[in-house]
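Peer 1: Mind having a look at this structure? Questions to follow.
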């Protein structure tokens with residue numbers, strides 16, 4: 001039945017839960033819509049109960065992600081929560097090394113492969129240590145790009161056969177650290193990024209009595225592709241041109257350090273979607289390598305840098321959020337192209353190293369966060385009936401709403417939009433009251449929803465009507481910070497797969513975007529992966545009273561853990577490290593939990609101390625007590641609440657009525673503990 005201006009609105013996402021929860025949805029439909037089988041590469045599936053499962057090793061063994069969340073909550077660690085699936089991280093290290101071993105064997109390549117992990121991609125100790133442990137049998141090493149990273153790498157890397165590649169800008173202290181590594185037996189390679197670094201390396205190596213191992217970073221003419229393409233090619237800030245390479249070689253020979261030049265390095269971007277670009281770059285770099293051999297330098301290693309991509313959208317294409325090759329194809333193409341160039345130049349093939357950070361760590365990390373509220377278009381609450389005669393503009397909008405068959409969809413939308421704009425003008429000029437304007441707005445959204453619901457599932461749709469999905473989308477308010485946990489989405493428009501981790505046997509009926517709890521309007525996710533494309537909304541389930549609704553952002557293990565900022569002083573989220581365990585009831589165990597940042601810790605990073613702040617507040621409460629503004633006991637309760645929150649987590653403390661209290665861990669505030677009861681003020 002058509003609605004009048006006073007008809008209740010269409011049901012909001014929370015209100016429709018009872019009607020939609022019974023709409024079953026197959027696992028196949030869920031996997032197709034959210035892309036689990038595409039970008040998940042066999043690591044994710046939906047079980048019979050509608051819960052998302054992770055398969056760390058890509059086999060039949062699986063872990064329900066909701067079980068991890070619930071077990072972490074028992075230790076006091078609620079979302080936002082980073083789950084690290086450590087078996088998946090280890091498998092990626094193995095897969096990369098085995099891919100190169102297979103390629104070397106298949107091509108009958110005479111060199112070896114010794115990869116390194118660039119710790120700038122994720123410097124967290126737990127990640128670096130796991131990679132080194134998994135890569136021990138492959139002599140897998142590290143790459144550092146700064147003094148702090150080199151300090152970490154020198155301490156953690158104990159394998160004498162593994163490479164330690166030193167990139168980035170270098171001062172004397174950095175070079176001394178690298179040479180110290182050589183002195184204690186590490187295979188440290190100082191990669192020259194700027195020609196001026198050669199003189200410092202020569203001077204300091206003489207001073208310390210250490211023969212360095214030197215690499216040259218080449219500024220290739222081959223440019224990268226994707227989001228980081230502009231950081232590569234001839235305009236890159238790092239690397240040597242052909243003439244600078246010759247100048248560096250002459251300086252080394254004059255210093256009698258010609259035998260120290262052992263490595264050629266290049267880098268064509270962090271996420272290269274097209275294998276053709278990689279082939280061209282490898283061929284060009286191999287030419288440089290062979291020419292340096294021809295000039296009399298011993299050489300021995302070709303470092304192909306980073307670039308190995310992650311298929312964020314699962315399309316296996318050269319779209320910037322994807323890659324049109326596999327890890328195995330990547331290894332084969334590198335080995336084959338280097339071999340071809342070396343054969344043509346009659347040069348002994350070099351050992352190969354790569355700095356494939358993103359591809360190793362991105363898949364293992366999952367960010368879990370809770371949708372805690374929603375903002376729906378036109379869900380303005382109850383509007384009282386209009387009194388007296390309704391203005392013409394209201395009656396005209398009622399007519400558009402009540403007679404849908406009189407106009408085609410596009411004309412009806414245009415008319416409704418025009419009347420809404422007229423109503424706003426009349427309101428601004430003082431000819432329309434607030435109640436009348438609200439009635440017109442509500443009718444406009446009723447018309448839009450009616451048009452949207454009747455659009456054909458297939459076929460041509462006018463562009464303006466195609467935007468209705470975005471226009472009508474609900475905003476799901478989520479308890480996390482985009483700036484802290486998904487910084488690349490905000491800064492670089494990087495797309496990450498996002499999906500619910502439960503209720504996947506229910507049909508998602510709410511087109512939505514996500515907004516975080518920061519006070520910045522940019523704290524949102526309004527672009528979602530699609531096959532070689534971007535969609536502006538993601539269909540989610542209606543929120544249900546007294547029940548939690550968890551979402552996961554996937555493939556977030558590269559850069560997001562370390563690059564997040566402190567916007568609104570939201571700190572690092574809670575963390576759980578998970579391993580498969582067949583003997584456990586749920587098939588897994590949490591090896592380690594790391595509590596997220598507490599407020600006092602975050603404030604300490606910006607020169608505030610908790611004791612000073614508490615003392616200042618106590619002084620003000622004491623003053624208010626003496627002035628008889630608050631009772632003494634009320635003042636004590638206020639100070640206790642302030643001090644308690646000072647040592648609590650920075651994110652929203654969410655508790656549902658149906659949940660029991662959990663035992664707090666050290667430094668953790670129990671979310672179920674009620675706030676102190678404050679006494680009313682004296683009259």
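Peer 1: Out of 613, 639, 652, I need the residue that is under 29 Å from residue 514 (Cβ atoms) and touching a residue at least 12 places away in the same chain (Cβ under 8 Å). Which one? I'd like the intermediate steps shown before the answer.
Peer 2: Details: 613 fails: under 29 Å from residue 514 (Cβ atoms); 639 fails: under 29 Å from residue 514 (Cβ atoms).
Checking each option against the conditions leaves just 652.
Peer 1: Could you check the stretch 628-638 and list, in sequence order, the residues that are within 21 Å of residue 612 (Cβ to Cβ) and buried (at least 17 other Cβ atoms within 10 Å of the Cβ)?
Peer 2: Initial filter on the stretch 628-638 (within 21 Å of residue 612 (Cβ to Cβ)): 635-636, 638.
Once the filter is applied, which keeps residues that are within 21 Å of residue 612 (Cβ to Cβ) and buried (at least 17 other Cβ atoms within 10 Å of the Cβ), the stretch 628-638 yields 635, 638.
Peer 1: Then there is this: Within the stretch 478-498, can you find the residues that are out of contact with any helix residue (DSSP H, G or I) (no Cβ under 8 Å at 6 or more places or on another chain) and modelled with pLDDT under 90?
Peer 2: Within the stretch 478-498, 491, 492, 493 meet the criteria.
Peer 1: Of the residues 77, 52, which is at pLDDT 95 or above, more than 14 Å from residue 589 (Cβ to Cβ) and buried (at least 20 other Cβ atoms within 10 Å of the Cβ)? Give the steps one after another, and end with the answer.
Peer 2: Numbers: 77 fails: at pLDDT 95 or above.
Answer to the selection: 52.
Peer 1: So, one more: Of all the residues that make up the stretch 531-554, how many are farther than 15 Å from residue 654 by Cα, touching a helix residue (DSSP H, G or I) at 6+ places or on another chain (Cβ under 6 Å) and surrounded by fewer than 20 Cβ atoms within 10 Å (Cβ to Cβ)?
Peer 2: 2
Peer 1: So in the stretch 175-194, with the set limited to residues that are closer than 22 Å to residue 306 by Cα and surrounded by fewer than 22 Cβ atoms within 10 Å (Cβ to Cβ), which one is modelled with the highest pLDDT?
Peer 2: Of the residues in the stretch 175-194, the ones closer than 22 Å to residue 306 by Cα are 178, 187-194.
From what's left, surrounded by fewer than 22 Cβ atoms within 10 Å (Cβ to Cβ): 187, 194.
On the way: 187: 96, 194: 92.
Step by step, filter the stretch 175-194, then rank; the result is 187.
Peer 1: Same structure, new question: Tell me, which residue of the stretch 490-511 that is free of Cβ contacts under 8 Å to residues at least 60 places away in the same chain and either assigned to a loop (DSSP other than H, G, I, E, B) or out of contact with any strand residue (DSSP E or B) (no Cβ under 8 Å at 6 or more places or on another chain) (or both) is farthest from residue 522 (Cα to Cα)?
Peer 2: Here the answer is 491.
Peer 1: Could you say whether any residue in the stretch 467-478 is surrounded by fewer than 15 Cβ atoms within 10 Å (Cβ to Cβ) and in a helix (DSSP H, G or I)?
Peer 2: First, the residues of the stretch 467-478 that are surrounded by fewer than 15 Cβ atoms within 10 Å (Cβ to Cβ): 467, 470.
Narrowing further to those that are in a helix (DSSP H, G or I): 470.
Yes.
Peer 1: Something else: Return the total of residues in the stretch 160-174 being part of a loop (DSSP other than H, G, I, E, B) and buried (at least 20 other Cβ atoms within 10 Å of the Cβ).
Peer 2: Start the filter on the stretch 160-174 by keeping residues that are part of a loop (DSSP other than H, G, I, E, B), which leaves 160-162, 167-171.
When the remaining residues are screened for being buried (at least 20 other Cβ atoms within 10 Å of the Cβ), the result is 162, 167, 170.
Final tally of qualifying residues: 3.
The values are calculated or read from the model by the stated rules, or taken from the named source; none is laboratory data. On a predicted model such as this, the values are computed, not experimentally measured, just so you know. In this analysis, Cβ positions are derived from the backbone assuming ideal geometry, glycine residues included, and neighbour counts consider all displayed protein chains.
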